[in-house]
Structures are given as C-alpha cells and as structure tokens.
Protein chains: 2
Amino acid sequence: MSCGKKCAQIAHASVSAYEKSSTQVKKAWFSEGQKKVILKVTTERDLFELRSLAEAAGISASIISDAGLTEIPPGTVTALGLGPALSENLDRITSNLSLL
Amino acid sequence: MSCGKKCAQIAHASVSAYEKSSTQVKKAWFSEGQKKVILKVTTERDLFELRSLAEAAGISASIISDAGLTEIPPGTVTALGLGPALSENLDRITSNLSLL
C-alpha cells in the first residue's frame with residue numbers, strides 16, 4: 001500500500017474504535033491530548049489476536065476491511081483500531097510491536 | 001515526516017473533524033461506508049485557506065498542530081480534517097489537490 005492508502009486505513013481504524021468507546025473515555029482522551037501510536041504487525045492473524053486481547057481487557061477494538069476500490073482486493077483486512085484506553089493497558093497488549 | 005507520523009496526523013485530523021460534526025452527519029457517513037480521501041497541500045497557508053472555505057460552506061474542519069514529541073518541532077501545523085460531508089461539497093473545495 002502507498003503511504004496515502006495506509007493513512008486512510010489508519011483514519012478508518014481510529015474513527016471506528018473511537019466511535020465504539022464510551023462518552024466518558026472519549027472525553028478523558030480528548031482532555032489528555034489524544035495520544036495516538038501507529039504500530040505494525042506481520043500477519044493478518046496478528047490483528048485478530050490483538051482484537052481478542054483488547055476486547056477481553058475491555059478496550060474498544062475495530063478491524064478494518066477495505067472496500068478495495070484502489071490498490072488492494074475488496075475485503076482485504078488492513079488495520080485494527082484500539083482504544084482510546086490508558087497507555088498502560090494498551091502497552092500490555094502492544095508493547096512487542098514496532099512503530100510503523 | 002515518516003509514513004507512520006503522517007498516519008498519526010491523519011488520524012488526529014479525522015477524529016477531530018468527525019467529533020465536531022452533527023450526529024445526523026456522522027450517522028449518514030457511517031451508513032454510506034465512511035469514505036475518506038487523503039490529499040496533500042504545498043504550504044501551511046493552504047490548510048488555513050481550506051479551513052476557511054470549508055467553514056463558510058458549513059463543513060466541519062479541524063486543523064492539527066503536533067505536540068512535537070517526535071520528528072518535528074512542537075506546534076507544527078501538520079494536517080486539516082474536513083467533513084464528513086457530501087462528496088460534491090468537499091470536491092468544490094479540494095478538487096485541485098493531489099492524492100498523498
């Protein structure tokens with residue numbers, strides 16, 4: 001994927017996970033600077049495993065499948081949005097991943 | 001900026017513009033597939049001019065300044081989130097821009 005395409009997937013994931021969060025979590029995250037961290041995984045399976053871990057920890061999680069109008073086939077899983085959540089709780093799930 | 005850094009700016013811009021929108025606009029956009037287009041500008045001034053045009057057209061707009069913790073100086077203006085809005089209304093403002 002081009003960088004622009006990656007940006008679009010990240011935007012989808014961010015808005016989707018954000019939308020699933022409670023009003024209280026949204027407000028807390030806005031008041032604390034809306035920290036975001038962009039990480040990469042090796043396989044599609046990693047995304048589903050991370051989603052399971054997040055959901056078990058009560059963290060909002062949203063898998064993104066692309067419509068496939070440009071660059072990649074329809075239905076390709078491209079990203080996972082997690083949070084907002086406390087950094088320490090997200091780190092427990094994602095601390096072994098590298099920055100994109 | 002690295003691609004990961006650009007992704008983070010786009011995510012900020014998307015969530016911020018989305019959050020400023022009305023519930024009705026949010027729902028309509030979700031039901032229609034959440035289309036996103038990632039475009040580039042030449043100068044910081046372009047972002048402020050686009051924001052003015054969007055606001056005059058009643059389109060949600062959100063300028064992003066980076067906290068400057070990585071890669072760029074604090075306060076650097078990095079992105080502008082526009083919408084959600086009807087494609088035809090956004091195109092009126094952004095149709096001369098290229099894809100990122």
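The values are calculated or read from the model by the stated rules, or taken from the named source; none is laboratory data. These figures come from a predicted structure and were not determined experimentally. As a convention, Cβ positions derive from the backbone with ideal geometry for all residues, glycine included, and neighbour counts pool all protein chains shown.
Tell me, which residue of region B:82-100 that is assigned to a loop (DSSP other than H, G, I, E, B) and hydrophobic (A, V, I, L, M, F, W, C) is nearest to the other protein chains (Cβ to nearest Cβ)?
The extreme case among them is B:LEU100.
So if I check each of B:LYS40, B:LYS6, B:LYS27, which one is surrounded by fewer than 19 Cβ atoms within 10 Å (Cβ to Cβ), within 14 Å of chain A (Cβ to nearest Cβ) and under 14 Å from the mean Cα position of the chain (by Cα)?
Only one candidate qualifies: B:LYS40.
Could you check A:LEU39 against (1) without any contact (Cβ under 8 Å) to a residue 12 or more places away in the chain; (2) under 20 Å from B:ILE10 (Cα atoms); (3) not β-branched (Val, Ile, Thr) and say which number it fails?
Here A:LEU39 meets the rest and fails (1).
Which condition number in (1) at positive phi; (2) modelled with pLDDT of 95 or more is the one that B:LEU82 fails?
Evaluating B:LEU82 over (1) at positive phi; (2) modelled with pLDDT of 95 or more leaves (1) as the failure.
So, of the residues in region A:1-52 that are charged (D, E, K, R) and not in a helix (DSSP H, G or I), which turns out to be farthest from A:THR76 (Cα to Cα)?
From region A:1-52, those charged (D, E, K, R) are A:5-6, A:19-20, A:26-27, A:32, A:35-36, A:40, A:44-46, A:49, A:51; that's our starting set.
Okay, now just the ones that are also not in a helix (DSSP H, G or I), so A:32, A:35-36, A:40.
Values: A:GLU32: 33, A:LYS35: 27, A:LYS36: 23, A:LYS40: 16 Å.
Taking the candidates together, the pick is A:GLU32.
If I filter region A:23-32 for residues that are closer than 14 Å to A:ILE64 by Cβ and out of contact with any Lys or Arg (no Cβ under 8 Å at 6 or more places or on another chain), do I get at least one hit?
Within region A:23-32, not a single residue is closer than 14 Å to A:ILE64 by Cβ and out of contact with any Lys or Arg (no Cβ under 8 Å at 6 or more places or on another chain).
Which numbered condition trips up A:ILE59, out of (1) surrounded by fewer than 18 Cβ atoms within 10 Å (Cβ to Cβ); (2) assigned to a loop (DSSP other than H, G, I, E, B); (3) not aromatic (Phe, Trp, Tyr)?
Failed condition: (1).
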